[in-house]
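K.L.:
Quick one: the structure is below, questions incoming.
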Amino acid sequence: MKRRPRRNLAIVAATAAALLRCDAVAQERCQLAPLGTVNVAAVRDGRTLMLDDGRELRLAAIEAGADGRGALQSLIAGRPLRLARLGAETDRYGRLVAFAFAGEAEQSLQAALLEQGQARVSARIGAKACADALLTTERAARAAGRGLWADPNFAPLQAENLTRLRAEKGHFALVEGKVLSVRESGATIYVNFGRRWTRDFTVTILKRQQRTFAAAGLEPKRLEGRRIRVRGWIEQRGGPIVAAEAPEQIEVID
């Protein structure tokens, strides 16, 4: 990594402290660790960049839409990027994973893409404060029908629409519905949206993660009777399933 001027270090530190722009105040700050400054050689897709030092950068915490590449190029506009990480610096494929800020912008590329409706918040963020800020931005774009949210195909799927859910197997999606029951079996908690447990939509939570969910205000057993929105990758195990591995995957709607 190239040597960073002190001025850039100060900007990165200030950005990591202020972080993701969010109009909702009085919430815990999202804390990021500065990684330095890089230059972009090419934009591969809506969340993947090739750097001039040969590394590949994946923007953390978002899933980009099909048209995200052009939006990302416009946000960068040839400027260097200041990077900051929330979790591990690289993924299992050796790719750099980080939040990125173009030039001296205080808003991350992630937040900007979400604001434009060109991305969705991913399943795993790693910190509640960071997830809350990103989800707030996504909700505003969805309510305004910006970007991909103008396409009905990107609207949250309904838990009772099993045909559509099965068609989305292997894809990232948002699913909404009313929880009918919460049951435990072995090491797994099953959040059921229908009476036919082997056919209807289900969210699974490992019992060893129950305390983590409870600490985030999402005690699984208390979800019964509530309408929730879950995000994640749809799998098929008898019926369609989303494995909830982090509390930020679940939003209580009412």
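K.L.:
Can you compute the FRET efficiency between Ala155 and Ala33 using 1/(1 + (r/R0)^6), with r the Cβ-Cβ distance and R0 = 35 Å? Round to the nearest 0.05.
P.N.:
The computed FRET efficiency comes out at 0.45.
K.L.:
Please state the shape class of the stretch 157-239: rounded when a/c is under 1.5, otherwise prolate if a/b exceeds b/c and oblate if not, all from the C-alpha gyration tensor.
P.N.:
prolate
K.L.:
Taking 0.36 nm per residue of separation and subtracting the Cα-Cα distance, what length does fully extending Trp233 through Ser74 add?
P.N.:
The span from Trp233 to Ser74 would gain 54.4 nm if fully extended.
K.L.:
Would you please state which residues of the stretch 179-201 a label at Ile253 would reach in this model, taking the label point 7 Å out along Cα→Cβ and a backbone N cut-off of under 15 Å?
P.N.:
179-180, 193-194, 201
K.L.:
Taking the number of other C-beta atoms within 10 Å as the exposure measure, put Thr137, Thr37 in order starting with the fewest.
P.N.:
Fewest-to-most Cβ neighbours within 10 Å comes out as Thr37, Thr137.
K.L.:
Test of understanding: express the Cα radius of gyration of the chain as a ratio to 2.2 N^0.38 Å, with N the residue count.
P.N.:
1.05
K.L.:
Something else now. Relative contact order for the stretch 19-149 using alpha-carbon pairs under 8 Å, separation at least 6, rounded to a whole percent?
P.N.:
The normalised contact order for the stretch 19-149 reaches 27 percent.
K.L.:
Just subtract the alpha-carbon distance of Ala88 and Glu56 from 0.36 nm times their residue separation and send over the number in nm, one decimal.
P.N.:
Residue separation times 0.36 nm, minus the Cα-Cα distance, leaves 10.0 nm.
K.L.:
Kindly provide the trypsin sites (Lys or Arg not before Pro) of the stretch 41-99 that DSSP labels as loop, not H, G, I, E or B, and whose Cβ sees at most 16 other Cβ atoms within 10 Å.
P.N.:
Those satisfying the criteria are Arg55, Arg92, Arg95.
K.L.:
Once you place label points 7 Å from the Cα toward the Cβ at Ala140 and Arg196, how far apart are they in nm?
P.N.:
Going from the Ala140 label point to the Arg196 one covers 4.2 nm.
K.L.:
Give the aspartates and glutamates reachable from Lys178 as a straight Cα distance under 17 Å; neighbours fewer than 8 places away on the same chain don't count.
P.N.:
Hits, sequence-local ones excluded: Glu160, Asp200, Glu219, Glu224, Glu251, Asp254.
K.L.:
If you add up the charges near Phe172, with Lys and Arg at +1 and Asp and Glu at -1, over every other residue whose beta carbon is less than 10 angstrom from its beta carbon, what do you get?
P.N.:
For residues surrounding Phe172, the net value is 0.
K.L.:
With an 8 Å cut-off on Cα pairs and a minimum separation of 6 or more residues, tell me the relative contact order of the chain in percent.
P.N.:
So the answer I get is 14 percent.
Every number here is computed from the coordinates shown, using simple stated rules; none is lab data. In this text, all values refer to a predicted model and were calculated from it rather than measured experimentally. All Cβ positions, glycine included, derive from the backbone under ideal geometry; neighbour counts span all protein chains shown.
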